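K.L.:
Quick one: this structure, given as structure tokens, is what I'll be asking you about.
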Amino acid sequence: MKNLIHKLINRETIVYLIFGVLTTVVNYIIFWLCRRIFIPVLIANIIAWVGAVIFAFITNKLFVFESKSFRLQQLIPEIIGFVSARLLSFLFEEGFLAVTYYLGMNEYVAKLIASVVVIIVNYFASKFLIFKNKENIPQEDINDGRNQ
């Protein structure tokens, strides 16, 4: 049991949770701003999602999974995988919001419930599918052409 706890609660999961919460905050702020200027709920969610995905990719890549390589042969698959996984979780969130909105549930409560599920699913997708190759090549090696 103690080993399981150490596997679940470590530097990576703690940093992921911190940036997951910050990503959710970014998402909510953008969503709230869009709703304040009367953008419809589902469109506001799309705009908020785009902003949050950009923030999450950068923070997940650099600080959570420590994938330091910016070589295109690694960066492009990471971006594609990250956006694809986030798109699937976005479709879940958008569907959940649509259903709960029309059932009369508070949009912010519904968004919070969806966010919890999304954070958990996105962690496993990022850990096992997207940032699995952690190359820590110094930036100067990448820029001087020695690494092809």
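K.L.:
Helix 72-102: angle to the longest alpha-carbon principal axis of the chain, degrees 0 to 90, nearest 10?
P.N.:
The answer is roughly 10 degrees.
K.L.:
Run the numbers for Glu12 and Phe92: contour at 0.36 nm per residue of separation, minus the present Cα-Cα distance, in nm.
P.N.:
Between Glu12 and Phe92, full extension yields 26.3 nm more.
K.L.:
Still on this structure: In degrees, nearest 10, range 0 to 90: what is the angle between the Cα axis of helix 41-59 and the longest Cα principal axis of the chain?
P.N.:
20 degrees
K.L.:
Express the accessible area of the stretch 1-141 per residue in Å², computed with a 1.4 Å probe while the remaining protein chains stay in the model.
P.N.:
Ligands and nucleic acids excluded, the result is 59 Å² per residue.
K.L.:
Here is a further query. Taking all protein chains in place and a 1.4 Å probe, what share, in percent, of the accessible surface of the stretch 78-133 do carbon and sulfur account for?
P.N.:
Working: 2430 of 3120 Å².
That fraction is 78 percent.
K.L.:
Also, quick follow-up: I'd like to know how the stretch 47-102 sits against the 2.2 N^0.38 Å rule of thumb: what's its Cα Rg over that expected value?
P.N.:
Against the empirical 2.2 N^0.38 Å value, I get 1.34 for the stretch 47-102.
K.L.:
Expressed as a rounded percentage, what relative contact order does the stretch 1-124 have, with Cα pairs under 8 Å and six or more residues apart?
P.N.:
Averaging sequence separation for qualifying contacts and normalising by length gives 23 percent for the stretch 1-124.
K.L.:
Taking one equal scatterer on every alpha-carbon of the stretch 20-139, how large is log10 of I(q)/I(0) by Debye at q = 0.10, 0.16 1/Å?
P.N.:
With one equal scatterer per Cα and no solvent, log10 I(q)/I(0) is -0.32, -0.74.
K.L.:
Compute the long axis of helix 107-125 from its Cα atoms, compare it with the longest principal axis of the Cα atoms of the chain, and write down the angle in degrees, 0 to 90, nearest 10.
P.N.:
Tilt of helix 107-125: around 20 degrees.
K.L.:
Rounded to the nearest 500, what is the 222 nm mean residue ellipticity of the chain from helices alone, with -39500 (n - 2.57) per DSSP H run of 4+ residues and division by all residues?
P.N.:
Numbers: 6 runs with 107 residues, N = 148.
The helix contribution divided over the chain gives -24500 deg cm²/dmol.
The values are calculated or read from the model by the stated rules, or taken from the named source; none is laboratory data. The model shown is predicted, which means the values in this text are computed figures rather than measured ones. For accessibility, only protein heavy atoms count, side chains too; no ligands or nucleic acids. Shrake-Rupley method; radii C 1.70, N 1.55, O 1.52, S 1.80 Å.
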